[in-house]
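See structure below.
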Amino acid sequence: MDIVVKGRKTEVPERFRKHVAEKLKLEKIQKLDGKVISLDVEVSKEPNPRQADRCDRVEITLRSRGPVIRAEAAASDPYAALDLAAEKLDARLRRQHDKRHTRRGVRRLTAAEVADHVPGAATLNVNGGTFQADEPEGVPTKKIGSLEVQGDGPLVVREKTHVAAPMTLDQALYEMELVGHDFYLFVDSETKEPSVVYRRHAYDYGVIHLRTDTMITQAPAPEAGGPLGG
């Protein structure tokens with residue numbers, strides 16, 4: 001496998017190509033991902049003088065049998081931008097490598113082992129139903145976000161609100177690959193509805209759209225003990 005270095009609206013000197021080969025060591029990359037197919041490095045230049053400190057941009061794209069990994073950075077010169085992008089690529093490669101090894105080492109618990117490994121797990125009674133030990137009296141209740149939690153949890157809730165401009169599906173896929181995540185939440189520019197793109201097996205992607213159903217939100221809640229059907 002060779003490293004392909006190309007420029008977008010700019011010339012790439014031979015000295016920089018040699019620096020790329022020295023900086024992105026293929027042996028190290030293949031050790032973290034043994035299924036690498038190609039490694040592309042694209043250099044571009046921002047002509048706006050107001051962005052002189054970020055005028056040179058380097059984007060590294062690594063394609064393998066798994067998900068595509070991208071890393072990009074901008075700096076005052078292409079060498080500094082390459083160093084920053086290479087650090088991001090290395091971090092994402094290590095994260096993917098650790099994730100694969102962690103999944104291989106995880107063993108599924110049997111039904112009999114759940115109660116021993118999962119605190120507070122429900123167990124089966126003699127009739128086949130579930131029962132759980134009663135909570136001791138006086139257990140403090142605290143509010144975490146919009147939820148009420150008894151005792152110490154083990155529930156951890158973190159709420160975040162982001163302001164995002166609507167984008168197309170292609171833009172969302174690009175942003176997901178850019179940050180190196182397995183999913184990306186965005187607002188669809190066509191439907192103006194929240195949507196999620198996610199990575200499936202090989203090169204496949206999936207998308208989930210959320211659409212408000214006024215009939216569901218306006219339907220009255222059924223009364224307890226009322227008749228079923230009509």
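Of the cross-linked pairs Lys31/Lys99; Lys99/Lys160; Lys6/Lys28; Lys23/Lys99, those separated by over 19 Å at the C-alpha level are Lys99/Lys160; Lys6/Lys28; Lys23/Lys99. The modelled label-to-label distance between Thr212 and Leu84, using points 7 Å beyond Cα along the C-beta direction, is 4.0 nm. Net length available on complete extension from Met1 to Val68 is 22.5 nm, with 0.36 nm assigned per residue and the Cα-Cα distance removed.
Compute the label zone of Leu26 within the stretch 52-70: residues whose backbone N is under 20 Å from the point 7 Å along Cα-to-Cβ. What the label zone holds, given the 20 Å backbone N cut-off, is 59-66, 68-70.
Surface calculation, 1.4 Å probe, protein heavy atoms: Arg54 sits at approximately 120 Å² accessible.
Given R₀ = 30 Å, what would the calculated FRET efficiency be for Gln171 paired with Thr141, taking r from the Cβ atoms and rounding to 0.05? With a Förster radius of 30 Å, E is 0.10.
The values are calculated or read from the model by the stated rules, or taken from the named source; none is laboratory data. Computed from a predicted structure; not experimentally measured. Cβ coordinates were reconstructed from backbone atoms using ideal geometry, including for glycine residues, and neighbour counts include every protein chain displayed. Each accessible area value is taken on the protein alone, full model and side chains, heavy atoms only, with ligands, DNA and RNA left out. Shrake-Rupley method; radii C 1.70, N 1.55, O 1.52, S 1.80 Å.
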